[in-house]
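Peer 1: One structure, pasted below without further comment.
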Amino acid sequence: MLDTLEEIKRNLQEETKGISTLKGAEQLKIKYLGRNGGVNDLMKLIPTLPVEKRAAFGQQINALKIEITDIIEGLIKKFSSEAIPKVTSEIFDVTLPGKRPSLGKRHPLTQTIDDIKEAFARLGFDVAYGPEVELEYYNFEALNIPSDHPSRTDFDTFYIKDDILLRSQTSTVQIRIMEKQKPPIRIIAPGRVYRPDTVDARHSFMFHQVEGLLVDEGVSFADLKGVLNQFIKTYFGQNIQMRFRPSFFPFTEPSAEVDISCSLCGGKGCNVCSYSGWVEILGAGMVDPNVLKAVHYDGEKYTGFAFGMGVERITMLKYGICDIRLFYENDIRFLSQF
């Protein structure tokens, strides 16, 4: 009997050398441990033995069974782990719904600037750009802003050096254009501007402006009103009303602030318009003769108008956005709405 046990063990060791697949290991398990396997055949011999030998032979069979089980289960575990990646890669359920890739969108401020450029392009305006790091001359002196004006202090302007600063307005571009080009001039100048404002729901130290300039012979305030009225109705809709309020800017004379009827409440009054029915949208006026003189234009021959609007403010009014900080936080939940 002991010879038989040893022979089964040797046969198993020889056969395991030729096993290279999970299926082969499972067949080996059936051959040795199955109902009609070699181990069970040995168990059937126990009743035929003398009573005094049965217990010892049974223990030897159990020891052999444990050894065979360890060897075969080790093979099954080995080939199962190798087979899993292959099985996974072959699974492809064509009935599952597809995944739509997320598409990028233009930032709402970029959309507004593009809309403004398109509206003024229909009126014959070109687009011009200028540097954000600017000379003090272009930001103040050439725009007829006196040396003692409050806007020239450190509290209202980011100075880099004594005469170099981050521009606080895109009006600088109109001076650079007029220095290079003779009338007629008809441009808008979009871009970033910087002011040391405390960040809150309505203010930021960086925001966007669009400057407009038209200079030619015989340009009047009526032309300014006509251009702005056409733009406002194009951008906000035909039912929007516009009004001018007298104001003062050093670079325009006369000057005005322009209001539109609240686009959110239709002029009935809401918290956005402080229940007045009107919201300020831009500043404008006729180009001051001193500005024309700074670029060597003949003030007796040429006149012009200029205007400047905040891009964030226009976007907030159009879409009912109550906090300017939302534009800069890059929250995809906010940006994906536009």
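The values are calculated or read from the model by the stated rules, or taken from the named source; none is laboratory data. Model, not experiment: these values are computed from the prediction. Don't worry about glycine lacking a Cβ; one is built from the backbone with ideal geometry, like all the others, and counts go over all protein chains shown. Note: accessible area is taken over every heavy atom of the protein model, side chains too, but ligands, DNA and RNA are not part of it. Shrake-Rupley method; radii C 1.70, N 1.55, O 1.52, S 1.80 Å.
Peer 1: Please compute the per residue accessible area over the stretch 23-166 with all protein chains in place, 1.4 Å probe, rounded to a whole number of Å².
Peer 2: Here the per-residue accessible area is 68 Å².
Peer 1: If I compute solvent accessible area with a 1.4 Å probe over the protein chains, what percent of it on the chain is carbon and sulfur?
Peer 2: 53 percent
Peer 1: Multiply the residue gap between MET206 and GLU82 by 0.36 nm, knock off their C-alpha separation, and tell me the result in nm, one decimal place.
Peer 2: Once the chain is fully extended between MET206 and GLU82, it gains 38.8 nm.
Peer 1: Ignoring everything but the protein chains, give the 1.4 Å probe accessible area of PHE249 in square angstrom, nearest 10.
Peer 2: 50 Å²
Peer 1: Only one of the listed values, [x] 34.3; [y] 24.7; [z] 41.9, was derived from the coordinates as mean projected area of the Cα convex hull in nm²; which label is it?
Peer 2: [x]
Peer 1: Set Lys and Arg Cβ to +1 and Asp and Glu Cβ to -1, take the dipole of the chain about its Cα centre, and tell me which of ALA55, ASN239, PHE140 lies farthest positive.
Peer 2: So the residue furthest toward the plus end is ALA55.
Peer 1: Between LEU335 and PHE155, how many nm apart are label points set 7 Å from Cα along the C-beta direction?
Peer 2: About 3.6 nm separates the two model spin labels.
Peer 1: So, one more: Projecting each Cα onto the charge dipole of the chain (Lys/Arg +1, Asp/Glu -1 at the beta carbon, about the Cα centre), which of VAL272, THR170, ILE76 comes out farthest on the positive side?
Peer 2: Checking the options against the dipole of the chain, the answer is ILE76.
Peer 1: A follow-up question, please. Considering the Cα trace of the stretch 275-338, what is its radius of gyration and what is Dmax, both in angstroms?
Peer 2: Looking at the stretch 275-338, its Cα Rg and Dmax stand at 18.6, 55 Å.
Peer 1: Using a 7 Å offset from the Cα along the Cα-to-Cβ direction at both ASP148 and GLU300, what is the distance between the two label points in nm, to one decimal?
Peer 2: 3.2 nm
Peer 1: What lysines does LYS318 reach when the alpha-carbon gap must be under 30 Å and sequence neighbours fewer than 8 apart in one chain are set aside?
Peer 2: Candidates past the 8-residue exclusion: LYS105, LYS117, LYS225, LYS233, LYS268.
Peer 1: Here is a further query. Taking the full set of protein chains and a 1.4 angstrom probe, give the accessible area of ASP298 in square angstrom, rounded to the nearest 10.
Peer 2: Roll a 1.4 Å probe over it and ASP298 shows about 80 Å².
Peer 1: Hey, can you grab everything whose amide H is under 5 Å from the amide H of LEU282? Only 5+ residues off in sequence or another chain; H modelled, so Pro and N-termini drop out.
Peer 2: Here VAL258 satisfy the definition.
Peer 1: For the stretch 201-319, what is the accessible area per residue in Å² when the probe is 1.4 Å?
Peer 2: Per residue, the stretch 201-319 has an accessible area of 45 Å².
Peer 1: Go ahead and set up a Gaussian network model of the chain, Cα springs under 10 Å, then flag whichever of ALA63, ALA128, ALA142 fluctuates most.
Peer 2: Taking springs between Cα atoms under 10 Å, the residue moving most is ALA63.
Peer 1: Taking 35 Å as R0, compute the FRET efficiency from the Cβ-Cβ separation of ARG325 and VAL127 and round it to 0.05.
Peer 2: Rounded to the nearest 0.05, the efficiency is 0.80.
Peer 1: Moving to a separate point now. Of LYS9/LYS53; LYS29/LYS65; LYS29/LYS78, which pairs sit farther than 18 Å apart, going by alpha carbon to alpha carbon?
Peer 2: Listed pairs above 18 Å: LYS9/LYS53.
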